[in-house]
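Take a look at the structure set out below.
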Amino acid sequence: MAAFGRHYEIAPTLTAQPLSCMRRGKRQDVTCGDRVSYCHTGPDQGVIESVHPRTSLLYRADAHREKLLAANVTQVLVVVAPEPTYHDELLSRCLIAAEAAGIPAAIVLNKSDLGLVAEEAAQALGYYDALGYPVIQLSALQNVTPLQPVLDRQLSILVGQSGMGKSTLINALKPNAAARTAAISRVLDSGKHTTTATRCYPLQEGSALIDSPGLQGFGLAYLGAHTLIRYFREFSALEGQCRFSDCRHLHEPGCALKQWAEGHPRRELRLRYLTTLQQENSRQRY
Ligand SMILES: Nc1nc2c(ncn2[C@@H]2O[C@H](COP(=O)(O)OP(=O)(O)OP(=O)(O)O)[C@@H](O)[C@H]2O)c(=O)[nH]1
Ligand SMILES: [Mg+2]
Ligand SMILES: [Zn+2]
């Protein structure tokens, strides 16, 4: 039900009173959404003995460390907002991680009440919509009904930068949730990293929503430099069509990706995300 540092909350059912737990040993191989075997060490305390096989695992990693985000989720919802400014590359990385984990993803554009800046963000996100990542535009402060059908019968996770309004969404969807939220910093154009635990909130029967701490980056070190292209929906069909089989899609002549992207700023941007990740992942040993 919840994971923070080496502490966990587990419950036999979504609505039961949770038990405060530690993992046996020093392993950090358990995350929110996991099914586990445990034993009681006290009336409301326990130890996690083992982690059951998962249907999905969303995680990030750099060369040194893996960080599990959630297990068994059936849907990833990347939350963005016009204020603080969302980072398009981070959004892309969240989508790549979902793609690599085989989990369907959608984008929630929050704070639609902010007017023109929200309109501009919606336009920029049209590119992802065309790729098949639905963009759901709403205001957590005014009306979250556009999200309700999307959540039905799903275990969904909200991911995104700090200050995008993930916890505010939780509170709007589940009035007694009392998830902590905090005002953004206009000076720093950022959120305040208010949420520190990953926590699962049961909604109507059969659906639940996981809130997670704001992301500052999203390392994908576990994806091989040469396989990355498969997780970019618009480029995957062009795999193997460059003149040189070892094309890095940078300056090589006859690059199918460069040709296709040329003159289209959004495509060029995504190609840069791909080549950045390729360089990142070929430099570091994982
Ligand atoms: N105008 C407007 N403000 C919103 C909306 N949703 C959230 N906010 C505000 O944005 C700020 C940040 O919201 P949070 O819900 O704490 O953001 P978060 O994504 O959970 O941030 P972290 O927990 O730090 O990752 C708060 O001041 C919210 O009131 C919205 O739809 N419109
Ligand atoms: Mg939060
Ligand atoms: Zn190429």
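Worth pointing out:
- Within the set Leu250, Leu209, Leu269, the sole residue that is surrounded by 18 or more Cβ atoms within 10 Å (Cβ to Cβ) and in contact with a helix residue (DSSP H, G or I) (Cβ under 8 Å, 6 or more places away or on another chain) turns out to be Leu209.
- Filtered by the rule that a residue be in contact with a His (Cβ under 9 Å, 6 or more places away or on another chain) and not in a strand (DSSP E or B), region 1-58 gives Asp34, Arg35.
- Candidate set: region 173-202, residues that are in contact with a strand residue (DSSP E or B) (Cβ under 6 Å, 6 or more places away or on another chain) and away from ligand 1 (no atom under 12 Å from the Cβ); chosen: the one farthest from Gln75 (Cα to Cα): Lys174
- Restricting region 96-111 to residues that are of a type in the set (A, V, I, L, M, F, W, C) and without any contact (Cβ under 8 Å) to a residue 60 or more places away in the chain leaves a set whose member that is farthest from Gln148 (Cα to Cα) is Ala101.
- Of the candidates Ile210, Ile229, the single residue that is among the β-branched types (Val, Ile, Thr) and more than 16 Å from ligand 2 (Cβ to nearest atom) is Ile229.
- Test: residue in region 106-122 that is closer than 20 Å to Gly206 by Cβ, surrounded by 16 or more Cβ atoms within 10 Å (Cβ to Cβ) and either more than 16 Å from ligand 2 (Cβ to nearest atom) or assigned by TED's automatic domain parsing to the domain that holds Ala261 (or both): yes
- Any chance Ala183 is among the hydrophobic types (A, V, I, L, M, F, W, C) and out of contact with any Cys (no Cβ under 9 Å at 6 or more places or on another chain): yes
- Helices (runs of 4 or more DSSP H) contained in region 186-286 and holding at least 1 residues in contact (Cβ under 8 Å) with a residue 40 or more places away in the chain: 233-236, 265-283
- Pairs linking a residue in region 132-145 that is surrounded by fewer than 20 Cβ atoms within 10 Å (Cβ to Cβ) to a residue that is in a strand (DSSP E or B), with Cβ atoms under 6 Å and 6 or more positions apart or on different chains, are Pro134/Ala106; Val135/Ile107; Val135/Leu109; Ile136/Val108; Gln137/Leu109.
- Filter result for Ser139 (hydroxyl-bearing (Ser, Thr, Tyr), touching a helix residue (DSSP H, G or I) at 6+ places or on another chain (Cβ under 9 Å) and within 25 Å of Glu205 (Cα to Cα)): yes
- Checking each residue in region 89-118 for being touching a helix residue (DSSP H, G or I) at 6+ places or on another chain (Cβ under 7 Å), farther than 23 Å from Thr55 by Cβ, part of a helix (DSSP H, G or I) and charged (D, E, K, R) picks out only Glu89.
- Hits in region 148-172 (condition: closer than 16 Å to Val73 by Cβ and within 16 Å of ligand 2 (Cβ to nearest atom)): Ser156, Ile157, Leu158, Val159, Gly160, Lys166, Leu169, Ile170
The values are calculated or read from the model by the stated rules, or taken from the named source; none is laboratory data. Note that the structure is predicted; figures quoted are calculated from it, not measured. Cβ sites come from the backbone with ideal geometry, for glycine too, and all protein chains shown count toward neighbours.
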